[in-house]
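Here's the structure we're looking at; comments come further down.
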Amino acid sequence: MPTIPKRGTPKPWIVKRKPTFKGNEGPDADFYNSRTWRTLRKYVLSGEPLCRSCGVPAQVVDHIRPISQGGAKLDIENLQPLCSRCHNKKSSKEGREKMRESHDEENE
């Protein structure tokens, strides 16, 4: 008579599927997927649920001074709640400034 395998034992007859949601990928993925970050993010959004720029409900917790420019990762003073639209605008602006600075350095 067949038996039901215990939990955690390999089941070769079941095809493993690749996850469809990739989540945060990239160099900072471990940080943004960490329990510490998710807890702090939830804390910031519960204390200030509206976007600091426009006042609509916030979905993103943004680093005021980017980590790449020396901003503290987990300092609550360096975090602000933003809506997706305002966060994308800010990130885009920072990216343009960073490109402009690197272009200026190349021309010196």
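What follows is calculated from the coordinates using simple rules that are stated; it is not laboratory data. Worth saying up front: this structure is predicted, and the values here are computed from it rather than measured.
Looking at the square roots a ≥ b ≥ c of the eigenvalues of the Cα gyration tensor of the range 31-107, which shape do they give, rounded for a/c under 1.5, prolate if a/b is larger than b/c, or oblate? Before the final figure, lay out the partial values.
Numbers: a/c = 2.86, a/b = 1.62, b/c = 1.76.
Here the range 31-107 falls in the oblate category.
Identify which of 59, 69, 80 has the largest mean-square fluctuation in a Gaussian network model of the chain, with springs joining Cα atoms closer than 10 Å.
It is 69.
Taking only DSSP H segments of four or more residues, each worth -39500 (n - 2.57), what value at 222 nm results for the chain once the sum is divided by all its residues, to the nearest 500 deg cm²/dmol? Walk me through the numbers before you get to the answer.
Values: 3 runs with 41 residues, N = 108.
Only helices count here, giving -12000 deg cm²/dmol.
Work out the count of Lys pairs in the chain where the Cα-Cα distance is under 25 Å, with the pair 8 or more places apart or on different chains.
Lysine pair count for the chain: 16.
Which whole-number percent gives the relative contact order of the chain, counting Cα pairs below 8 Å spaced six or more residues apart? Please report the intermediate quantities before stating the final value.
Values: 78 pairs, mean separation 20.6, N = 108.
Rounded, it is 19 percent for the chain.
Which one of 71, 55, 26 has the biggest mean-square fluctuation once the chain is modelled by GNM with Cα springs under 10 Å?
Of the options given, 26 has the highest mean-square fluctuation.
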